[in-house]
Amino acid sequence: MKQEDKTLIQDICARFNRDRTRMMDVLIEAQRALGYLSSDVIDAIAEALAIARVEVESAASFYAFFSQKPRGKFVIRLCNDIIDKLKGVDRVASALREQLGIDFGQTTDDDLFSLEWTSCIGMCDQAPAALINDKIVTRLSSDSIREIVRSLKEHGDFSKLKLALGSGNNSHPLVRSVVDNNLLQRGAVIFAPSEPSQALGKALAMSPTEVIRSIKTSRLRGRGGAGFPTGMKWEFARNATGDARYVLCNADEGEPGTFKDRVILTEAADLMFEGMTIAGYAIGSEQGILYLRGEYAYLRAFLEDVLAQRRSKGLLGDNVGGKAGFNFDIRIQLGAGAYICGEETALISSCEGLRGDPKTRPPFPAQKGYLDMPSIVNNVETFCCVTRILDKGAGWFAAIGTTGSAGTKLFSVSGDCERPGVYELAFGVTLAELLKIVGAEDAIAVQVGGASGRMVNPSEYGKKLCFDELATGGSIMVFGPGRDVIKVARAFMEFFCEESCGYCTPCRVGNRLLKQGLERFIRGMAEPSDIEYLEQLGKTVKTMSRCGLGQTSANPVLSTLQSFRSEYERRVVKNTSGLQPSFDIVKALRDSETIVKRKSVHVGH
Amino acid sequence: MSATIHFTIDGVEVTGKAGQTILQAASEAGIYIPRLCAHKDLTPHGSCRVCTVMVNGRPQAACTQPVSDGAIVENETAEIKELRRNLVEMLFVEGNHYCMFCEKSGNCELQALAYRLGIQAPRYPYFFPQRALDATHPDIFIDHNRCILCGRCVRASKELDGKNVFQFIGRGAHKRVGFNAPDGLGHTDAAVSDRFVSICPVGAILKKRVGYAIPVGQRLFDKRPIGSEIEARRAKGK
Amino acid sequence: MSTKPKVATTSLAGCFGCHMSLLDIDDRILKLIELVDFNKSPINDIKKFTDRCLVGIIEGGCSNEENVHVLQDFRKHCDVIIALGDCATMGGLPAMRNHVPLKECLEEAYLKGPTVYNPGGKVPGDAELPLILDKVYPCQEVVKVDLFLPGCPPPADTIWQALVALLNNKPLELPYELIKYD
């Protein structure tokens, strides 16, 4: 390793105080500077942080965006989630393969391009989409991707691409992105006009326990999907013992089909940061962390600027808002491509510079979270609600929505609908009403809650979107006439196989088996007993898995088995011969025939 | 907080101490809860999930779940046994477990658990993965084919040996145990006298040159099911 | 004609060790032939099925096309298929080649191995030789299997108890000592 590279690594580590808990930042910076994380780079980081090299490699090898092999100057990551598939990503992929002369997972000989698949990047409303390094390109076609590649080859510079900038702050000098907000309906809470900092002022005039009481009175529940009462979570953290407390904001919006946090981060970041600050005051914290998914790195500079402005206004830092003794600041922790880090304890692991493995519970984060200190992790949208509750009052908020689900909800709607985008609607709206609003009344199936949610058939469209009936963290994926729900389920299982952290047996192995099981139905090889096989397998994964990912990863299979059972039943064939239809002797003999240069005398071709 | 905690496992009254896990209290009471990643000398890991029990109707890993007063724990119901069987079968198809030529056969906890659960063959298709061997260490073999990712070696090296020889590398289906040296175990400070060597529940970590010192047929689990020694405590207590 | 139930056996990609274990039931073999007639089996050297069988006992997995045909033929002629031993159940020793590409396996065996003498320099490909499959398949991946008796080989008592249970139409409950994978 060149001495200058070694010095560079030492400088990066020094910038983060040689603190091993800042490993994510060190790895991100090292990769940015040197292209990839070679064995030498890993050694150098280990030396500079004074830890075992295997600890560095362990973290580096966990995240999809880190590479231990050389990659092209431009890494093109094409999003392969189900919505992108519906919108023709395969044609885009073929164009890329053809034009670059490489397949996915490969790098061109001139070291200019690497091609990779990636899970949902939060652009389902403008699919197909891809990441080119940390920039986004959307609404791709085979023509547009060819033009992008041609231009990158010619100029070697992403900024030279002639791309129309997106709406709102997407045109901001610090963002300059093609992304569109597609904010198609503003509601009473998140995207209503509001006075900046008014809520924080009101909160600081109250005692911290009064703030928590107010959140409890508002009946606010977490917007990430699980719906835990926010006030109760804060109270646990406040009452737990610890030398420090932390406020973590979950902006690892990785659930396929969700992109509402993207719009908040772009258009209402102040609302979110203000909510985090109020939380800091309420639980007695001095430090907040915004965990920003690697896919949204294009928003980082902009968000840093928002934070800087808040500091200059006295809304972060010492004596926040003029409140003597209340010191609070926020840092941004960038992720690096791992859906699991949206799970709150995995998010904490990642913030601590570790693999994004979920932690053992108990203890819960409110007791022992980030750096073993009491911590709260809340969703981006939840913090925005907090700000509005403090501003307009708990009663105002509680009066919106339903009894069990107060307030509004942001819905990210994508798929086979006329108007994909973000809709803010009061909880309690029925799925049928939403489908009408977005122009999808002919939907044959709707996936509510993303891959980990459930597939709903038309008989349930009258149900309300809320925690007690159809719960969702925001994702609504619409499937129109002619779509095959079993293929959709398979796409979700592919996603979970890719995104399982591999910590526990049922999730690591069971999801692969579930995917194989669906394959039998799709290939026409399933027997009646395969339905029960899938049910048993799904139950095992759901019951035995360690964290929320595994406990919900079988849902695509279990919920389609429930809501679309006839789709499975019509595909099964009773096996009367006793032969396994999945055994393909022609394929099994192909290698042999090539090697000995003759055909089988038994098997017809 | 009261120091003594009373709860039941399959209807049997069990007394535990505050801070104990269900698995620890059960073992002391002579009730065997199957486990693979858990080991009495190591911090609980909660990864194999084989020790999952129902606590007041909710599935929890007994190795990490603290005892709680009045809890109703189900351990040996037909449903749980079936779910455990499925997990053990998953581990068998995920790796390459050739018991017939494995030095650990008869002393292997994975195999013993399969025996105890009466598994004649896994119902899942075999993955036949491509995995590596590492023979770079003069005294120790590593066979990733047999590794079940329980993390006992990772923890033992840290907690018992005061070293840092292993850590998990990769994610999901690509997860494996890595060494603290790019060129193999032989380039780490691992020693054959380290505890991690014998603590492996399967044949993924073996000492060189000691094959079949005890013949098959006279090994730990050849005649007595795994867990018998724990269950003997209860029989004695009565 | 005898009305006794019929039993057929075969060894596919196995070592005949499981058949040896079957013979290890010792004098109970006399009892067994009172209870059943052997049809196609190496034990009596009957090459082709002459009748439908109650039980087909399979040793070994499928490593070549002939193994596949024999196994499928057994499935056609037998009511109950028993996968006997680890090779039938999970591929066993022959399945070690599943971790090496077929081309490399054949080259090692016929061209590059340290003890190979092969002046022709070719991998044998005569039409009489069955073609080898891309990997060794456990029996249940090729046909439906009704009963698995693991072991390398399975103990004679395991085989005996399984047959007795089948012939008496009783569920098979093997004691702890009789389920072994080694």
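Here are the numbers:
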{"item": "Positive-end extreme of charge dipole, chain A - chosen from A:Phe397, A:Gln536, A:Phe495 (charges on Cβ)", "result": "A:Gln536"}
{"item": "Exceeding the 26 Å Cα-Cα cut-off - candidates A:Lys85/A:Lys515; A:Lys233/A:Lys260; A:Lys233/B:Lys81; A:Lys539/C:Lys144; A:Lys69/A:Lys135", "result": "A:Lys233/B:Lys81"}
{"item": "About the Cα centre, charge dipole magnitude for segment A:184-293 (Lys/Arg +1, Asp/Glu -1 at Cβ), debye", "result": "400"}
{"item": "Hydrodynamic radius (Kirkwood) for the protein assembly as shown, which is based on Cα pairs only, to one decimal in Å", "result": "31.3"}
{"item": "C-alpha center-to-center spacing [segment B:157-201, segment A:100-166] in angstrom", "result": "40"}
{"item": "For segment A:408-479, diffusion coefficient by Stokes-Einstein and Kirkwood Rh (Cα), 10 °C, 1.306 mPa s, µm²/s", "result": "138"}
{"item": "Debye, to nearest 20: dipole size of segment B:4-76, +1 on Lys, Arg Cβ, -1 on Asp, Glu Cβ", "result": "260"}
{"item": "Selection of chymotrypsin sites (Phe, Trp or Tyr not before Pro), segment C:99-182, meeting DSSP coil and at most 14 other Cβ within 10 Å", "result": "C:Tyr117"}
{"item": "Residues of type lysines that A:Lys599 reaches as a straight line, Cα spacing below 19 Å, ignoring anything fewer than 8 places off in the same chain", "result": "A:Lys587, C:Lys103, C:Lys122, C:Lys135"}
{"item": "Relative contact order of segment B:86-207, pairs being alpha-carbon contacts under 8 Å that are 6 or more residues apart, as %", "result": "29"}
{"item": "Global form of segment A:225-325, assessed from the alpha-carbon gyration tensor, a/c cut-off 1.5", "result": "oblate"}
{"item": "Farthest positive-ward along the protein assembly as shown dipole, Cα basis, beta-carbon charges - from A:Thr21, A:Ala48, C:Cys105", "result": "A:Thr21"}
{"item": "For segment A:74-163: rounded, prolate or oblate by the Cα gyration tensor [a/c cutoff 1.5]", "result": "prolate"}
{"item": "log10 of Debye I(q)/I(0), alpha-carbon scatterers only, for chain A at 0.08 Å⁻¹", "result": "-0.58"}
{"item": "Loop-located trypsin sites (Lys or Arg not before Pro) in segment B:1-61, at most 15 other Cβ atoms within 10 Å (DSSP)", "result": "B:Lys40"}
{"item": "Estimated [θ] at 222 nm from DSSP helical runs (n ≥ 4, -39500 (n - 2.57)) normalised by residues in chain B, nearest 500", "result": "-6500 deg cm²/dmol"}
{"item": "Gaussian network model of chain C, Cα within-10 Å springs - most flexible of C:Asp86, C:Asp157, C:Asp45", "result": "C:Asp45"}
{"item": "For segment A:13-168, Kirkwood radius (reciprocal of mean inverse C-alpha pair distance, Å)", "result": "16.8"}
{"item": "Distance between modelled label sites at B:Val216 and B:Glu13, nm, 7 Å Cα→Cβ extension", "result": "4.8"}
{"item": "Along chain C, longest interval not containing exposed GluC sites (Glu not before Pro), exposed being DSSP loop plus at most 11 other Cβ atoms within 10 Å", "result": "C:1-127"}
{"item": "Gyration tensor verdict on segment A:547-605 (Cα atoms; rounded if a/c is under 1.5, prolate if a/b is larger than b/c, oblate otherwise)", "result": "oblate"}
{"item": "Two-site FRET efficiency, C:Ser2 against A:Arg523, from Cβ-Cβ distance with R₀ of 45 Å, rounded to 0.05", "result": "0.55"}
{"item": "Rel. contact order, % - alpha carbon contacts under 8 angstrom, at least six apart, segment A:3-60", "result": "36"}
{"item": "Calculated SAXS-style log₁₀ I(q)/I(0) at q = 0.09, 0.15, 0.17 Å⁻¹ - chain B, Debye, Cα scatterers", "result": "-0.41, -1.09, -1.33"}
{"item": "Within the protein assembly as shown: Cβ-based charge dipole about Cα centre, in debye rounded to nearest 20 (Lys, Arg +1; Asp, Glu -1)", "result": "860"}
{"item": "Over chain A, relative contact order from alpha-carbon pairs under 8 Å, at least 6 apart, %", "result": "13"}
{"item": "Spin-label model distance (nm) - A:Lys587 vs A:Thr217, 7 Å beyond Cα toward Cβ", "result": "6.4"}
{"item": "Where N is the number of residues in segment A:185-398, Cα Rg divided by 2.2 N^0.38 Å", "result": "0.92"}
{"item": "Coil-residue trypsin sites (Lys or Arg not before Pro) of segment A:488-557, DSSP, other Cβ within 10 Å capped at 13", "result": "A:Arg523"}
{"item": "Calculated FRET efficiency for the pair A:Arg32/A:Met206, C-beta based, R₀ 41 Å, to 0.05", "result": "0.40"}
{"item": "Structure-based [θ]222 nm, chain C - -39500 (n - 2.57) summed over DSSP H runs of at least 4, per residue, nearest 500", "result": "-7500 deg cm²/dmol"}
{"item": "Segment A:288-385 - convex hull of the alpha-carbon atoms, volume per residue in Å³", "result": "113"}
{"item": "Distance from segment A:289-316 to segment A:550-597 (C-alpha centre basis), Å", "result": "48"}
{"item": "Mean ellipticity per residue at 222 nm, deg cm²/dmol - from DSSP H runs of n ≥ 4 across chain A, formula -39500 (n - 2.57)", "result": "-12500 deg cm²/dmol"}
{"item": "Antiparallel bridge percentage (DSSP; both residues within segment A:439-509; nearest 5)", "result": "90"}
{"item": "FRET efficiency, B:Gln20 to A:Ala14 (Cβ-Cβ, R0 51 Å, nearest 0.05)", "result": "0.70"}
{"item": "Under the Karplus curve 6.51 cos²θ - 1.76 cosθ + 1.60, θ = phi - 60°, whole-Hz ³J(HN,Hα) for segment A:336-350, x wherever Gly or Pro sits", "result": "8, x, 7, 4, 4, 5, x, 6, 4, 7, 5, 4, 5, 4, 5"}
{"item": "Cα centroid separation - segment A:438-453 against segment B:113-156, whole Å", "result": "42"}
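A short reminder: the numbers here are calculations on the coordinates, not readings from a lab. These figures come from a predicted structure and were not determined experimentally. Because the Cβ atoms are built from the backbone with ideal geometry, glycine has one as well, and the counts that use them run over all protein chains shown.
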